[in-house]
Amino acid sequence: MTIRHIAILGSTGSIGVNTLDVIRAHPDRFKVAALTAGKQIDRLAHQCAEFKPSIAVVADADGATRLKQILLDQKIDTQVLYGPQALVSAVTDSGCDTVMAAIVGAAGLVPTLAAAKAGKRVLLANKEALVMSGNLFMQAMKQGGGELLPIDSEHNAIFQCLPPQFSKTPNPSLGVEELWLTASGGPFRNTPLEQLGSITPDQACAHPNWVMGRKISVDSATMMNKGLEVIEAFWLFGLPLEKIKVLIHPQSVVHSMVRYRDGSVIAQLGQPDMRTPIAYGLAWPERIEAGVTQLNLTQLSALSFAEPDLAHFPCLSLAFAAAKAGGTAPTVLNAANEMAVAAFLNEGIPYLDISLVVEKTLNVMPVSDADSIEYILDIDMQARKVAHDIIKSIRS
Ligand code: NAD
Ligand code: MG
């Protein structure tokens, strides 16, 4: 058994904590090389004390000073760094062979790309990175020669349902016709449109089946999450957009499916627990204990599936449109959505204005080719400025 050395980008978040939970149960298999967090210093300090990484990274100098002091008091000799460039060091200088990319949003793009270029095994949770720069990211993975394992539960399911050779040669003789991404529909699937105006952040973050970070929870409520996932699937699996379908499946038991030419549909089922895809990615191609309760099909009353109602979920149609437009449109979609969700969570813009901000930003920003990472980061910044002004005008 080879021992894997893991760097976790975003170790204090929901995915990060679940990843450490799986790692904790397999000390003979996994060593932690680097841990990174934004601002949760105390939680990161606890993680460093337990897992003794060689590098720990936080967002800013103040946080780094605090973390250094805590670690010094406990005689833990983890090197403490801070800032965006240090996230890249956590990947390239920690001696890791595997990187869990679990920083939320565009902030995760540069270090995730560095992991791809450096030929690491990349466990990709940070879908925003792929939405922003899918083409360049997939090229970087190819150049680096590392393995890419999707952690997002739907994409992990599809990866499991595809023929093993598909990712290397997606040739037509393998008979893959369609990918069916399932979606729970979030907490407001049955809420009448006229009641959506008064939704609060806590209501939006109370997902019926999954426990997740606040940004992705809001994205699940608006179904922007599923839109981002369609774009993610497009880049990961290389099928045309028309072959990627979304199905509402409120029970979140079937995590996604692949339909084949001969009439077969292969599905992956499981509990809504991210430790399953995380364990799959960490140990692939082996399978390990993930700490997840067994699925008991006899306790389920029904599995149901339905087409999503696009009028109820305008963010989903905006994402479809951006995916179709291609180029920089998904980058703009993602940037505007991050700004709108943050404004909803922190500044109290109305829930229904999330889609409005995204739509208006997409209308202002022209679509162009996304051909370098510098250009993509520039478009991301421009889109954030446009979205910021739109949010300001809504608030006044
Ligand atoms: P979270 O908010 O719980 O955690 C985010 C992590 O990123 C934290 O460790 C935080 O400290 C760090 N971070 C945030 N901003 C940062 C910055 N500017 N610089 C450095 N670090 C920063 O989010 P999460 O739910 O764990 O999701 C992480 C990613 O995984 C997201 O891209 C999300 O879409 C994806 N994902 C999550 C789930 C889930 O079940 N939680 C499922 C599928 C995909
Ligand atoms: Mg998902």
Residues in the stretch 123-179 that are more than 27 Å from Ala107 (Cβ to Cβ), within 16 Å of ligand 2 (Cβ to nearest atom) and either modelled with pLDDT under 95 or buried (at least 24 other Cβ atoms within 10 Å of the Cβ) (or both) total 1
Sole exception among (1) in contact with a Ser or Thr (Cβ under 9 Å, 6 or more places away or on another chain); (2) buried (at least 17 other Cβ atoms within 10 Å of the Cβ) for Pro308, by number = (1)
Any residue at all in the stretch 277-288 that is of a type in the set (Val, Ile, Thr) and buried (at least 22 other Cβ atoms within 10 Å of the Cβ)?
-> yes
Would you point out which residue out of Ala387, Ala370, Ala335 is at pLDDT below 95, touching a Ser or Thr at 6+ places or on another chain (Cβ under 8 Å) and not assigned by TED's automatic domain parsing to the domain that holds Ala107?
-> Ala370
With Val254, Val211, Val258, Val265 as the choices, which residue is β-branched (Val, Ile, Thr), away from ligand 2 (no atom under 15 Å from the Cβ) and surrounded by fewer than 24 Cβ atoms within 10 Å (Cβ to Cβ)?
-> Val265
Filter the stretch 297-316 down to residues that are touching a residue at least 40 places away in the same chain (Cβ under 8 Å) and part of a helix (DSSP H, G or I) and give me whichever is farthest from the chain's Cα centre (by Cα).
-> Pro314
Go over the candidates Leu148, Leu179 one by one and state the one that is under 20 Å from Asn18 (Cβ atoms), within 22 Å of the chain's Cα centre (by Cα) and of a type in the set (A, V, I, L, M, F, W, C).
-> Leu148
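The values are calculated or read from the model by the stated rules, or taken from the named source; none is laboratory data. Computed from a predicted model, the values in this text were never measured in an experiment. Because the Cβ atoms are built from the backbone with ideal geometry, glycine has one as well, and the counts that use them run over all protein chains shown.
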